[in-house]
Amino acid sequence: MDAIVIKGNGPMKGVTHASGAKNAALPILASSLLAEGEHLYRNVPDLADVSTMLKVLRTMGCEADWSAEKHEVHIRVPKQVLPEAPYELVKTMRASVLVLGPLAARHGRARVSMPGGCAIGARPIDQHLKGLKALGAQIELTEGYVEAKAERLIGARLGFDLITVTGTENVMMAAALAKGRTLIENAAREPEIEELARVLNKMGAKISGAGTDLISIEGVDGLKPVDHAIIPDRIEAGTLLVAAAITGGDVLVKDAVPEHLEALIFKLREAGCTVTPEGGGIRCRGPARVKAIDIKTQEHPGFPTDMQAQVMALMTTAEGASVITENIFENRYMHVAELRRMGADITVDGAVAVVRGQPKLSGAPVMATDLRASASLVLAGLRAEGKTTVGRVYHLDRGYEHLERKLMSLGADIQRVKG
């Protein structure tokens, strides 16, 4: 099993870039099931989760050619597919459930295993199923699988009980081929939702309101294949900006979109960093030691839960005490124990973590527990004195494209060790 070894060696400096967005690529790849023919997706990140989604599509009968070097994926969707996503694949990646809506809409039936993925909370799919039921799908849960059936979905007005990104995406895709108009209330507002709507509209869908909490979809009879370049990954970009902040460095992340990272940029500036749009991206210059800040994770446009662990790592060496409140997932502090092994002073009480900044961290062997936790441990290792070895980095590979290479280009003493 691979590990990443880091020796703290001072500020990160230089220019890097944000790869394509994982959380945009996965629903977009799933959306190809809505249209027979040849699809071309560009700026697709070289990630384990992308590989898994392509395996899911291939098991259904699609042809998927992936050039990781060119960051291009060609998908040929046949007239008929096998409408099933097996447990062996879905258990490794929760986003596999995104094929449910497209299959039910275009083929009238779907059999999808209940999802797995990172162990950061329950994350049920009840809102997905509620949305599909509202569109007229018959839903059954049998032997660990969701089975959905419908002659043709019918547009409806529906509201989510809680905001769900993948639930919004699944219902958007299903409603694109439903008969009549669908209104989704309490919809997720993330940039990835807007991106999926752009792709569906290029395919011939009629979607408006994406990026707001009310999305309107006028169903159409059919969609066509698409050629599309995927937006940059705001979470990867944010992680690279924090790498500059935690080491007192100066990093320009090209292709990063300031409008996608407003909450993080505000907090980095509050911590004493200079953050500016520059050179087709975002530049972050960190002080020798940042100031303590408080954060509360919220749905977009609030502070993203996917940046909570990285900012916690930043706060471990801040001046003063920080209060971090995790409002999205109930089990997203598993990185705390590992940061403590490096000398961090963190106290957790339910959803609230108090981080008392220390002058320094010490390198140590640590274990990644989920995707964003693994990034936080790498960031802490950049700041720590001595050697940090981060194990189980397959979590990191699910969401970061060659992070160690990008950090090495910024001056980090970092290497991947094959296990």
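The values are calculated or read from the model by the stated rules, or taken from the named source; none is laboratory data. A quick note: this is a predicted structure, and the numbers were derived from the prediction, not measured. Virtual Cβ from ideal backbone geometry, glycine too; neighbours counted across all protein chains shown.
Tabulated data
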{"item": "Residue within the stretch 131-151 that is of a type in the set (Asp, Glu), free of Cβ contacts under 8 Å to residues at least 24 places away in the same chain, assigned to a loop (DSSP other than H, G, I, E, B) and out of contact with any Ser or Thr (no Cβ under 9 Å at 6 or more places or on another chain) present", "result": "yes"}
{"item": "Options Val90, Val112, Val44, Val73; residue that is β-branched (Val, Ile, Thr) and more than 20 Å from the chain's Cα centre (by Cα)", "result": "Val112"}
{"item": "Residue satisfying all of: in the stretch 285-302; of a type outside the set (A, V, I, L, M, F, W, C) and touching a Phe, Trp or Tyr at 6+ places or on another chain (Cβ under 8 Å); surrounded by the most Cβ atoms within 10 Å (Cβ to Cβ) among these", "result": "Thr297"}
{"item": "Hits in the stretch 387-403 (condition: buried (at least 18 other Cβ atoms within 10 Å of the Cβ), farther than 18 Å from Met342 by Cβ and of a type in the set (Ser, Thr, Tyr))", "result": "Tyr400"}
{"item": "Output for the stretch 297-312, where each listed residue is more than 14 Å from the chain's Cα centre (by Cα) and either assigned to a loop (DSSP other than H, G, I, E, B) or not assigned by TED's automatic domain parsing to the domain that holds Val348 (or both)", "result": "Gln298, Pro301, Gly302"}
{"item": "Output for the stretch 195-213, where each listed residue is surrounded by fewer than 20 Cβ atoms within 10 Å (Cβ to Cβ) and touching an Asp or Glu at 6+ places or on another chain (Cβ under 6 Å)", "result": "Lys206, Gly211"}
{"item": "Only listed residue being modelled with pLDDT of 95 or more and part of a loop (DSSP other than H, G, I, E, B), chosen from Ala174, Ala197, Ala188", "result": "Ala188"}
{"item": "Those residues of the stretch 20-35 which are in a loop (DSSP other than H, G, I, E, B) and buried (at least 24 other Cβ atoms within 10 Å of the Cβ), in sequence order", "result": "Ala21"}
{"item": "Residues that are without any contact (Cβ under 8 Å) to a residue 12 or more places away in the chain, assigned to a strand (DSSP E or B) and charged (D, E, K, R), drawn from the stretch 57-115", "result": "Asp65"}
{"item": "Residue tally, condition of a type in the set (D, E, K, R), crowded, with 19+ Cβ neighbours inside 10 Å and within 15 Å of Ala368 (Cα to Cα), over the stretch 307-347", "result": "2"}
{"item": "All positions within the stretch 180-207 that are farther than 22 Å from Arg152 by Cβ and not aliphatic (A, V, I, L, M)", "result": "Glu185, Asn186, Arg189, Glu190, Pro191, Glu192, Glu194, Glu195, Arg198, Lys202"}
{"item": "Members of the stretch 273-284 found to be surrounded by 18 or more Cβ atoms within 10 Å (Cβ to Cβ) and free of Cβ contacts under 8 Å to residues at least 60 places away in the same chain, listed by number", "result": "Cys273, Val275, Ile282, Arg283, Cys284"}
